[in-house]
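Remarks on the structure that follows.
Since every read-out is calculated from the coordinates, none of them should be taken as a lab result. Note that the structure is a prediction, hence the values are computed from the model and not measured. When we count neighbours, we look across all protein chains shown, and the Cβ atoms used for this are built from the backbone with ideal geometry, even at glycine.
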Amino acid sequence: MGEFSFKRFSVLHERSTMKVGTDGVLLGAWTPLPPYGEGSAPFEVLEIGCGCGIVSLMLAQRLQEGGWQGNFGITAIDIHEPSCREAARNAAQSPWGGSLAVENTDFLRMPEKESFSLLVSNPPFFDESLKSPDAARNLARHNDTLPFAALLEKSQRLLHTGGVLSLVLPPRAFEKMQLLQKESAPRLALVRLTRVFSKPEKACERLLCAWQKTSGIPDSSTVREESLFIQDAQGGYGEAYRRLVKDFYLWA
């Protein structure tokens, strides 16, 4: 499969459970990041289920270009050891190796302290479908090892107040996540939601969603809602999609 090249870095993704794909690139380019301000506390990121590390590398590029320079740290974790080895290699070969650590660990076993400004994940979302004979693919796509309720509960514990959980999900998985959120993570408030369509005439295929940890139980929240079309009616890339990925894809 070889390397996949972006404008500022390249990744190997032969052994990882999660290869380079549209979902990961969307998540890395879309995830909300705050502007850097003088005296800002270090910005700590945790990527859950990093695969080859593509999302972490994209966030590292965006944080550096946003002025954070050496004032951020990214921890990329995965329970699949070959993915971690590949992600560590990709991080070391990138311009941000000193700010990116890769750990072969289980998210649900991490120490429970408010350590992170951002949690980001392209999580496993199948819970009722037939499994593949490929065990690594099952790890990436089926949520046996990371049920939605556990993901929400743990995320609330690990985020600083004001921190964000950013995910990419299919519509049915998002609906299930929303139903679980009030009971499993009542301090998380949905603040941004982007519906992703392959073409204008197609149904929504993915949702990019961000929840923010509040200081108490949120009474209500204003959700920023948008639609994003990967292709336009003529079959070319949509203008908003081009703008989103222009700092990464070579063709953009």
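A few remarks follow.
- Sequence-distant lysines (8 or more away, or on other chains) whose Cα lies within less than 26 Å of LYS19: LYS7, LYS131, LYS154, LYS176, LYS199, LYS202, LYS246
- Dipole magnitude (debye, nearest 20) for segment 3-245, charges at Cβ of Lys, Arg, Asp, Glu: 240 debye
- Rough spin-label spacing in nm, given labels placed 7 Å along Cα→Cβ, for LEU250 and SER5: 0.4 nm
- Charge dipole of the chain about the Cα centre (unit charges at C-beta), most positive-ward option of GLY238, MET110, VAL191: GLY238
- DSSP-defined beta bridges in segment 1-99 - what % are antiparallel, rounded to 5: 35 percent
- Applying 0.36 nm per residue to the separation of GLU225 and ALA92 and subtracting their alpha-carbon distance, the gain on full extension is 44.2 nm.
- Amide H contacts under 5 Å for ARG206: VAL196, restricted to partners 5 or more places along the chain or on a different chain, H placed in the peptide plane at 1.01 Å from N.
- Cα gyration tensor category, rounded, prolate or oblate, for segment 1-106 with a/c compared to 1.5: prolate
- Summary of packing: across the peptides 41-52, 193-204, 77-88, the per-residue average of other C-beta atoms within 10 Å ranks them, highest first, as 41-52, 77-88, 193-204.
- Compactness index (Cα Rg / 2.2 N^0.38 Å), segment 175-252: 1.37
- Listed peptides 172-178, 57-63, 161-167 appear in the order 57-63, 161-167, 172-178 once ranked by packing, highest mean of other Cβ atoms within 10 Å at the front.
- With only the Cα atoms considered, the chain has a convex hull volume of 135 Å³ per residue.
- Separation of segment 170-194 from segment 63-91 is 26 Å, based on Cα centroids.
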